[in-house]
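Visitor: First, the structure itself, so that you have it in front of you.
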Amino acid sequence: MSETGPLSQAVFARNARVIAGGAVSLNRLVEPRIAFRRGRGARIWDVDGREYVDYHGAFGPHILGHNDPDINAAVVAVLQQETSLFGSGTTEMEGELAELLVAAVPSMERVQLTNSGSEATYHALRIARAHTGREHIVVIQGGYNGWHNEVAVNLMTPLEELGPRVSPGEYPLVPLSAGIPHGVFDRVHAVNFNDAPSVEYVLRRHPVAAVLLEPVLQNIGVLPPQPGYLEELRALCTRHGTILIFDEVKTGFRAAFGGYQSVCGVRPDLTVLGKAVANGFPLAVIGGRADLMACFHATEPQQRVMIAGTYNGHPVSVAAAIATLRKLRAGGDPMYHTMAAHTQALAAGLCAQAAEFSLPCVVSTCGSAFCQYFMDHVPVDWHDLARHHDFALDTAFRRALIELGVYHFPVHCKQGSVSAAHTAEHVQWTVDCFGAALRSVRASRGAP
């Protein structure tokens, strides 16, 4: 099939006339430009009627698959009961969701609800600053913690701008957006993942309120923490009176029901959740120690952190989240083991196919998340990845898969996601497509 059908082209052309940039999130403007119409289970269809097995999952939220009937039924029930957005007081549903979250995630003693992970990380940093009286923060090179000013920095930074690896030390800050005021980054320090000595280096030199990181770096694929790294960060933050914040927007309820912190055994002070928590409906969570979360209702003005939002806890999203967590909890270890097994089968299949073409390839996984790297080892940080991964091959491979009906987001180093709706048959068919895609890419490069 051709990369972009005529109806998709028409949708993009029409929308470009009225939507700035042509899509409501510019991260979605990738090639080929496909306009999707519907999704069910592990499959999605575009406006031209073409079907794909989906491993993108809208950047990861659809852990149960698209349009899961149980989640949809919970949403319909709420609407039929004439439950509404009241904008005053609290509701029974909010309390039920909070109880589910506190029971599931080890570090969460109290929670609050927002609509996006970016909002939640923004609140987490405010709490850390209010509680400590400090202003500086540490972020991770190659991590993504939202679109707001201080964290919109240093994702896939070209090494010529970043400079060579330094440890202990920090890196120049490269913003992800125009329009960020001068001076914002005076209080921000970027260090490499898996580099605890550099975190300590910054903590000794600056009054740091928070260390904010994804415990598994999943915005440049799936980079796991090295043994002892998260434990050392926990010890450093405790020693220096700094708040440790885990951004589990991607790993929450996907790495395990209790998030990655339940896997690694390290308890952060604050945790941010999103994506899989409501299986695609807009909801995010900030939670953690009760004394820190008390900043939201502190009596002293200098410690009170504002949280507001007309759509916080919208009943549709809350109903979806309750239903999602109940279904994941009921599925328990067998459901998570099946998703992980399917993910491992994809990884083994791709590596075997690459070996047939004598291509270096590793696939890093975390629960039901995966990413292939065309290099001979799983990278430990951005410098390692940027030096050794074949980015052009990665992008070409993903586009070739789309031609075959496998939707693996066509941007290099982006995580793929397996859902509970994927079957062994989906996986085996996809593995076969891996070989065909690699063969197609090699042919386009003139290789036999």
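Visitor: Please state the charge dipole magnitude for the chain, taken about the Cα centre, from unit charges on C-beta atoms (+1 on K and R, -1 on D and E), reported in debye and rounded to the nearest 20.
Guide: 480
Visitor: Another one. Sorting 275, 414, 327 on the 10 Å Cβ count, fewest up front, what's the list?
Guide: Fewest to most other Cβ atoms nearby, the residues stand as 327, 414, 275.
Visitor: Given springs between every Cα pair under 10 Å in a Gaussian network model of the chain, which of 347, 420, 103 has the largest fluctuation?
Guide: Fluctuation is largest for 103.
Visitor: Now a separate question. So if I place +1 on the C-beta of Lys and Arg and -1 on the C-beta of Asp and Glu, and nothing else carries charge, what would the dipole magnitude of segment 69-325 be about its Cα centre? I want it in debye, nearest 20.
Guide: 420
Visitor: While we're looking at this one, here's another question. Using a 7 Å offset from the Cα along the Cα-to-Cβ direction at both residue 351 and residue 180, what is the distance between the two label points in nm, to one decimal?
Guide: Here the modelled spin labels are 3.6 nm apart.
Visitor: Cα centroids of segment 275-320 and segment 108-139: how far apart, whole angstrom?
Guide: Computed from Cα coordinates, the inter-centre distance equals 10 Å.
Visitor: Further, regarding this structure: How would 254, 267, 14 line up from fewest to most surrounding beta-carbon atoms within 10 angstrom?
Guide: Arranged by neighbour count, lowest to highest, 254, 267, 14 become 14, 267, 254.
Visitor: What are the lysines whose alpha-carbon lies under 16 Å from the alpha-carbon of residue 327, with same-chain residues fewer than 8 places away excluded?
Guide: Once the sequence-local lysines are set aside, what remains near residue 327 is 275.
Visitor: Residues of segment 94-118 with amide nitrogen under 20 Å from the 7 Å Cα-to-Cβ point of residue 83?
Guide: Counting only backbone N, you get 94-104, 111-116.
Visitor: Give me the one-decimal Kirkwood hydrodynamic radius in Å for segment 214-349, with the sum taken over alpha-carbon pairs.
Guide: Here the Kirkwood hydrodynamic radius works out to 16.8 Å.
Visitor: Rounded to the nearest 0.05, what FRET efficiency do residue 149 and residue 423 give with R0 = 41 Å and r taken as the Cβ-Cβ distance? Could you check?
Guide: 0.40
Visitor: Please grab the % of Cα pairs in the chain that end up more than 36 Å from each other.
Guide: For the chain, the share of Cα pairs beyond 36 Å comes to 27 percent.
Visitor: Oh, and also: State the extension gain, in nm to one decimal, for the chain segment bounded by residue 377 and residue 444, taking 0.36 nm per residue of separation less the distance between their alpha-carbons.
Guide: The residue 377-residue 444 span can extend by a further 21.6 nm.
Read-outs throughout are calculated quantities, based only on the coordinates presented, and are distinct from any laboratory measurement. Note that the structure is predicted; figures quoted are calculated from it, not measured. All Cβ positions, glycine included, derive from the backbone under ideal geometry; neighbour counts span all protein chains shown.
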